[in-house]
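The values are calculated or read from the model by the stated rules, or taken from the named source; none is laboratory data. No experiment lies behind these values; they were computed from the predicted model shown. Here the Cβ is made from the backbone with ideal geometry for all residues, glycine too, and neighbour counts use every protein chain on show. SASA here: full protein model, heavy atoms, side chains in, ligands and nucleic acids out. Shrake-Rupley method; radii C 1.70, N 1.55, O 1.52, S 1.80 Å.
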Amino acid sequence: MICNQHDIPKEVHRYGLRASSEVGCGWIATYNALKILGCTTDIDELIRYFEWQLPLIHGNFGTAFWGPQRCFEKWGFPNKLIFDRKRFDAEARQADACIVFYHWAKKGKTGAHFVALKPTDKGFTGYNTFRDSAGPDNWGESIDDFLRRHRYFGCVLLVISGKQVKKC
């Protein structure tokens with residue numbers, strides 16, 4: 001699992017013209033969700049696939065919110081995007097893995113981020129949540145509460161079933 005994208009050396013796993021440590025959260029969340037589902041993939045191939053999705057920006061501005069969903073759909077994993085935060089927790093508890101996309105604003109800056117989530121008996125575990133994450137992060141029992149506490153907005157949840165209907 002990749003728990004902190006800032007640990008990736010700038011010259012390793014470039015995403016477009018930029019370092020994955022700066023703009024790689026989309027492919028990293030996809031990679032981590034695949035690992036949660038018990039799958040493996042080649043990181044460089046995964047990055048190339050995401051760069052191909054948006055050839056104009058070529059990964060230089062990160063990943064579109066629908067990017068991971070398109071990957072899982074292509075690979076045959078049943079999945080759906082949830083836009084209503086009130087439904088996040090119930091839908092995520094039925095999933096085998098999730099990816100949440102959100103926007104943030106802090107100290108006059110704004111941005112967006114993807115995090116892979118694993119449903120557990122005690123709630124949800126996040127991977128690559130914060131700039132200083134040293135391992136998996138406890139999101140508690142409610143994704144919505146976590147997002148609200150941190151004042152994240154513009155959120156979308158991808159719920160993924162591990163019952164793959166075709167091979168990658």
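Close Cβ contacts (under 9 Å, 6 or more residues apart or on different chains) running from residues in the range 36-53 that are over 17 Å from GLY76 (Cβ atoms) to residues that are among the polar types (S, T, N, Q) and modelled with pLDDT of 85 or more comprise PHE50/THR30. Looking at LYS163, LYS122, which one is among the basic types (Lys, Arg) and free of Cβ contacts under 8 Å to residues at least 40 places away in the same chain? Answer to the selection: LYS122.
Remark: pairs (first residue in the range 1-17, touching a residue at least 40 places away in the same chain (Cβ under 8 Å); second residue open to solvent by 90 Å² or more (accessible area, probe 1.4 Å) and not in a loop (DSSP other than H, G, I, E, B); Cβ separation under 9 Å; 6+ apart in sequence or on different chains) = GLN5/GLU22; HIS6/GLU22; TYR15/GLU22.
Among what's in the range 25-42 and is open to solvent by 30 Å² or more (accessible area, probe 1.4 Å) and hydroxyl-bearing (Ser, Thr, Tyr), pick the residue that is nearest to PRO68 (Cα to Cα). Within the range 25-42, the match that is nearest to PRO68 (Cα to Cα) is TYR31. Of the residues GLU45, GLU22, the single one that is assigned to a helix (DSSP H, G or I), among the acidic types (Asp, Glu), at pLDDT 90 or above and open to solvent by 50 Å² or more (accessible area, probe 1.4 Å) is GLU45.
Residue-wise test of (1) open to solvent by 60 Å² or more (accessible area, probe 1.4 Å); (2) touching a strand residue (DSSP E or B) at 6+ places or on another chain (Cβ under 9 Å).
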{"residue": "LYS106", "(1), (2)": "yes, no"}
{"residue": "THR110", "(1), (2)": "yes, yes"}
{"residue": "ALA116", "(1), (2)": "no, yes"}
{"residue": "THR129", "(1), (2)": "no, yes"}
{"residue": "ASP144", "(1), (2)": "no, yes"}
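Note on the range 3-16: residues that are open to solvent by 30 Å² or more (accessible area, probe 1.4 Å), within 16 Å of LEU46 (Cα to Cα) and either hydrophobic (A, V, I, L, M, F, W, C) or in a helix (DSSP H, G or I) (or both) total 1.
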